[in-house]
Amino acid sequence: MSLERVDSARPVDVCLAGDMRARTAAAAGVLGVSLLTGCAAPAPEPPPASPLRAPGNPASPAVPATRTSGTPPPITWQVGARPLPLRPDGFGEILPTPPELVNRALPTRDLLPPPANDRYAANVTAVPADVLARSTWLPACPVASADLRYVTLSFWGFDGRAHTGELLVRQDAAKPLTDAFGELFAQRFPIEEMRITAPAELDAAPTGDGNNTSAFVCRPARGQTNWSAHAYGLAVDVDPFCNPYTKGDLVLPELASSYVDRKNVRPGMVLAGDPVVRAFAREGWQWGGAWRSPTDRMHFTATGA
């Protein structure tokens, strides 16, 4: 079970198409999180200063500041390797954060060439056929494939290096997102990985340790006939492990309990009023961390859902 199943949005007005694959509908029914409509955003307490810069020489794992060394940084945790026991609600058991992840600073594996000269670069194109094929898009999704855009853009990793990530978004969300992430790059806000969600992740056993920054995921909200904002390509989740979703006793990702403590400020955390929230707010995108129940600290949305 993947974090990609979580829906933190209030309902949107398009119903789940009846011919969606049984796999997707079933997964959403078990794993999605139903949202409360009309949640009022609380007045946030002034947060501590957010450490936006990726650590140049993090203590664990130790990595070089540039790409000149041929020695890769050590891997202290294998993400996705340890399935969790299931709760009755289908999520994984909420377990204490492993010591290796309490101050999470895992290196990023390059899937695309890094930006030249460590400069911010963003590119927006029609979605290539091979990219669409490895995404969660289906004909029953509420956005046509022709209305999606394939975005590649630069980000700083927790390893102190510049990387290139990929997102699928609706065409009118491409510029707001590239502008917002450009500001995050300028601030050297660290992101562990940024890649398109694969269909198999919707059915994967929960491991509770994912930290992928992603946008489009074709999935409905749990217990509703409406799609999530992610299914429209109008939402993005930023560093989910560092910015967990909480509702009652549920924490997602399930091993991220250490990051529920927002007074213990660490790189990758998004806090009320910080430059990350302001960057998205300038584009008209709302932050789910201001919601009362659920509180979705990873979530930014163009729809308010």
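Straightening the chain between Asn264 and Glu93 buys 59.2 nm, computed as 0.36 nm per residue apart minus the Cα-Cα spacing. The calculated pair-distance distribution of segment 134-194 uses every alpha carbon pair, bins of 5 angstrom beginning at 0, and gives 4, 17, 25, 20, 15, 11, 6, 2, 0 percent.
Under 4 °C and 1.567 mPa s, how fast does segment 237-283 diffuse according to Stokes-Einstein, given a Kirkwood radius computed over C-alpha pairs? Answer in µm²/s, whole number. Don't skip to the answer; put the middle values down first.
Details: Rh = 11.4 Å.
The Stokes-Einstein estimate is 114 µm²/s.
Taking a ≥ b ≥ c as the square roots of the eigenvalues of the Cα gyration tensor, segment 167-305 is classed as rounded, since a/c falls below 1.5. With a 1.4 Å probe and every protein chain left in place, work out the accessible area per residue of segment 200-305 in Å², rounded to a whole number. Per-residue accessible area for segment 200-305 comes out at 27 Å². Using bins 10 angstrom wide from zero, how does P(r) for segment 74-215 break down, in % of all Cα pairs? It works out to 11, 35, 33, 20, 1, in whole percents.
Of the trypsin sites (Lys or Arg not before Pro) in segment 202-305, the ones in a loop by DSSP (not H, G, I, E or B) with at most 11 other beta carbons within 10 Å are Lys263, Arg292. Here segment 161-280 exposes an accessible surface that is 51 percent carbon and sulfur, computed with a 1.4 Å probe and the other protein chains kept in place.
The values are calculated or read from the model by the stated rules, or taken from the named source; none is laboratory data. In this text the structure is predicted, and so the values were computed from the model without any measurement. Cβ: placed from backbone, ideal geometry, glycine included. Neighbour counts: every protein chain shown. Remember, those area values only see protein heavy atoms, side chains included, never the ligands or the DNA or RNA. Shrake-Rupley method; radii C 1.70, N 1.55, O 1.52, S 1.80 Å.
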